[in-house]
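Trainee: Here it is, the structure, as structure tokens.
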Amino acid sequence: MSVIAQEIGGEKEVFTKGAPEMVAMLCRAETVPPNFESKLLLYTAQGFRVIGLASKPLPAGKRSSDLTREEVESDLTFLGLLIMENRLKKETKPVLEELSAARIRSVMVTGDNIQTAVTVAKNAGMISPTNRVILVEAKKIPGSLSASITWKPLEENKTEDYRSLEDDRQTDRGVRLALGPARYHFAMNGKSYQIVAQHFRHLLPKLLLHGTVFARMSPGQKSSLVEEFQKLDYFVGMCGDGANDCGALKVAHAGISLSEQEASVASPFTSRTPSIACVPELIREGRAALVTSFCMFKYMALYSTIQYLGVLLLYWQLNSFGNYQFLFQDLAITTVIGVTMSFTGAYPKLVPYRPPSQLISPPLLLSVVLNILFSLSMQIFGFVVVQEQPWYGKTDIHGACLSKNSHMENSSSVSSLGLNGMRDEDDGQMDNGYKSYENTTVWLLSTINCLIVALVFSKGKPFRQPIYTNYVFVLVLIVQLGVCLFLMFADIDGLYSIMDLVCTPSTWRISMVIMLAVTFAVSFLVEEAVIENRRLWLFLKKTFQYHSKSHYKRLRRVVEQDSAWPPLHKTFFSDSVAVSVEGNMGGHSNPIFDSSEDTL
């Protein structure tokens, strides 16, 4: 960036600031100190942000509007370096450690010098002290359409001599075996990234798999990098606070603006605090929301199926639920549960795996199918067994709760009237024909079963807080269960008449409670021991040799089996000819810091 300034009564001057390497290229050679590169490396290696400064006087009598940028930014006088300490915010390192513990990759995107970026990444814990940083440099060959790409450890400096290529191979192979395949990190600049994307497209996925530091990237390159990660089936979150981050924030799956300026317009999320502390919170809330959505889907599917099975059984005897029975299940049970089930908060700790991301997945479908079978078994059992009770009668729906003598007297009285039990049948007709022992049994079982599946499906750990922390939901379930048990044991004629229920002996009501308790125990144990048993599903995947379809996971398996990757101290040309770095660079061991290097 350059500005033209003029003191009152004085001459015009140009003042320029920017990347030190670029500013030095715009200055006269005699004004740039001979130790420029070593000083720059000294400061950037300590993690300082370094800006180059330069200036020159403008010829008198020349209008600023007549000057081109090339004329202004040429033959400058180098003034010096502006050194700024790039301190990490106190919450940055703990957040990165939390993400790392949850197996969530962190990639640095910065406009600073690549050495500064690597130092900051090490200070932030993104790069462990035991890990190696491999600098990837790609250059276009002058006078040719081809390009070259080189891999070498960033820790090398001018005072070191290269060892023999064979020693390097043996050492690098030993390092890979000792540290594992994920113990190295690639670092590259924007210029190298652009050349790799154009001339070494087949190598780009492998570089991105372990790429951690990308320096001096342009806004377009940032967007391109996010898209390349997405092509590997990564879910990409992007944090930024400037206008140059807008493109990447927009194309990322989850763009988070750390300021309320330009970046907040392009990103779907905006943090009120300018730090990355919001990232774990967003992930926790997103996972909890996803699990809640799946729980709601399972509950609504089970509720509809439970009600359908009950009606289907009653249709066998040309019967059905009454109007108030339908309303009670739909409004007093399902609607209230559907509203309060989602009040459970996110679990405060990130676990190192994700919840199921697909609605049609084996655990979810198995959970729904098994609970349908449990519900069907319970309702069929109650429907059949109630017909085998000694007090059961198709036409006599009031005699079950009378004593034996009263029942005999009532039967003889009815017989003397010559009605042959038609009074009870008439009473049933007056009640729209819904009253029956089967109706009462099936409706009570299906209604309380809706409460059972709501409790079983309300997952807590590891993605949501325990269910007892959702006080409103727990209170709703307790009240609803209390009302259902009251209806089961009430013996209030007026209430039973409204709800189309009939009185049954106390022993049968207790039997229904036992059936419900057994169903709850079986459903809960299956959900915890099978559906939520992560080890079991991992064992099944391993047994049936199921591998993830994600591109980056398949690529990772290929890279881990490649003993020649990464090819340290080698240079590849775009025509696939490989030579060693020693032969290519004349035996010099210093890393090259090009003036146009960019970092993402």
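The values are calculated or read from the model by the stated rules, or taken from the named source; none is laboratory data. Quick caveat: nothing in here was measured; it's all calculated off a predicted structure. Don't worry about glycine lacking a Cβ; one is built from the backbone with ideal geometry, like all the others, and counts go over all protein chains shown. Protein only, heavy atoms only, side chains kept; ligands, DNA and RNA dropped before computing areas. Shrake-Rupley method; radii C 1.70, N 1.55, O 1.52, S 1.80 Å.
Trainee: Can you tell me which of 37, 30, 21 is among the acidic types (Asp, Glu), over 16 Å from residue 119 (Cα atoms), touching a residue at least 24 places away in the same chain (Cβ under 8 Å) and surrounded by fewer than 18 Cβ atoms within 10 Å (Cβ to Cβ)?
Mentor: One residue alone meets the criteria, 37.
Trainee: What number of residues in region 1-18 are among the polar types (S, T, N, Q) and open to solvent by less than 70 Å² (accessible area, probe 1.4 Å)?
Mentor: The qualifying residues number 2.
Trainee: Does residue 145 count as open to solvent by 40 Å² or more (accessible area, probe 1.4 Å), at pLDDT below 90 and in a loop (DSSP other than H, G, I, E, B)?
Mentor: yes
Trainee: Please find, among 486, 524, the residue that is closer than 30 Å to residue 386 by Cα, touching a helix residue (DSSP H, G or I) at 6+ places or on another chain (Cβ under 6 Å) and open to solvent by 70 Å² or more (accessible area, probe 1.4 Å).
Mentor: None of the others qualify; the one that does is 524.
Let's see how each residue does on (1) part of a helix (DSSP H, G or I); (2) farther than 20 Å from residue 299 by Cβ; (3) modelled with pLDDT of 85 or more:
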residue: 460; (1), (2), (3): no, no, yes
residue: 487; (1), (2), (3): yes, yes, yes
residue: 555; (1), (2), (3): yes, yes, yes
residue: 563; (1), (2), (3): no, yes, no
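Trainee: Test each condition in (1) touching a residue at least 24 places away in the same chain (Cβ under 8 Å); (2) in a loop (DSSP other than H, G, I, E, B) for residue 8 and report the one that comes out false.
Mentor: (1)
Trainee: Taking the criterion of being open to solvent by less than 70 Å² (accessible area, probe 1.4 Å) and touching a helix residue (DSSP H, G or I) at 6+ places or on another chain (Cβ under 7 Å), would at least one residue in region 54-62 satisfy it?
Mentor: Yes, because at least one residue in region 54-62 is open to solvent by less than 70 Å² (accessible area, probe 1.4 Å) and touching a helix residue (DSSP H, G or I) at 6+ places or on another chain (Cβ under 7 Å).
Trainee: If you don't mind, there's one more thing I want to ask. Can you run down the residue pairs with Cβ atoms below 9 Å, 6 or more apart or on separate chains, where the first is in region 487-509 and without any contact (Cβ under 8 Å) to a residue 24 or more places away in the chain and within 23 Å of residue 330 (Cα to Cα) and the partner is of a type in the set (Ser, Thr, Tyr) and open to solvent by 50 Å² or more (accessible area, probe 1.4 Å)?
Mentor: Hits for this filter: 489/506.
Trainee: Could you count how many residues in region 212-233 are of a type in the set (A, V, I, L, M) and out of contact with any helix residue (DSSP H, G or I) (no Cβ under 6 Å at 6 or more places or on another chain)?
Mentor: Qualifying residue count, region 212-233: 1.
Trainee: Looking only at region 194-221, count every residue that is over 18 Å from residue 562 (Cα atoms), not in a helix (DSSP H, G or I) and not β-branched (Val, Ile, Thr) and tell me the total.
Mentor: Residues meeting the conditions: 6.
Trainee: Search region 569-585 for residues being under 14 Å from residue 138 (Cα atoms) and either buried (at least 18 other Cβ atoms within 10 Å of the Cβ) or small (Gly, Ala, Ser) (or both), and hand back the single one that is modelled with the lowest pLDDT.
Mentor: The qualifying residue modelled with the lowest pLDDT is 581.
Trainee: Here is a follow-up. As an exercise: evaluate residue 64 against (1) of a type in the set (S, T, N, Q); (2) under 18 Å from residue 6 (Cα atoms); (3) free of Cβ contacts under 8 Å to residues at least 60 places away in the same chain and give the number of the one condition it does not meet.
Mentor: With respect to (1) of a type in the set (S, T, N, Q); (2) under 18 Å from residue 6 (Cα atoms); (3) free of Cβ contacts under 8 Å to residues at least 60 places away in the same chain, residue 64 is out only on (3).
Trainee: Go through the residues of region 40-49 one by one and say whether even a single one is over 27 Å from residue 117 (Cα atoms) and assigned to a strand (DSSP E or B).
Mentor: Within region 40-49 (the criterion being over 27 Å from residue 117 (Cα atoms) and assigned to a strand (DSSP E or B)), the answer is no, since none of the residues qualifies.
Trainee: Please find, within region 333-360, the residue that is farthest from the chain's Cα centre (by Cα) out of those that are surrounded by fewer than 14 Cβ atoms within 10 Å (Cβ to Cβ) and more than 15 Å from residue 472 (Cβ to Cβ).
Mentor: Taking the candidates together, the pick is 360.
Trainee: Mind listing whichever residues of region 66-92 are open to solvent by 90 Å² or more (accessible area, probe 1.4 Å) and either of a type in the set (A, V, I, L, M) or outside any strand (DSSP E or B) (or both)?
Mentor: 66, 69, 70, 75, 79, 87, 89, 90
Trainee: With respect to residue 532, is the statement that it is among the charged types (D, E, K, R) and surrounded by fewer than 18 Cβ atoms within 10 Å (Cβ to Cβ) true?
Mentor: yes
Trainee: Please enumerate the residues belonging to region 99-120 that are assigned to a helix (DSSP H, G or I) and either under 27 Å from the mean Cα position of the chain (by Cα) or β-branched (Val, Ile, Thr) (or both).
Mentor: The answer is 99, 100, 101, 114, 116, 117, 118, 119, 120.
Trainee: Within the set of pairs 6 or more residues apart or between chains, which connect a residue that is more than 15 Å from residue 276 (Cα to Cα) inside region 236-249 to a residue that is assigned to a loop (DSSP other than H, G, I, E, B) with Cβ atoms less than 8 Å apart?
Mentor: Hits for this filter: 243/261; 244/111; 244/218; 246/267.
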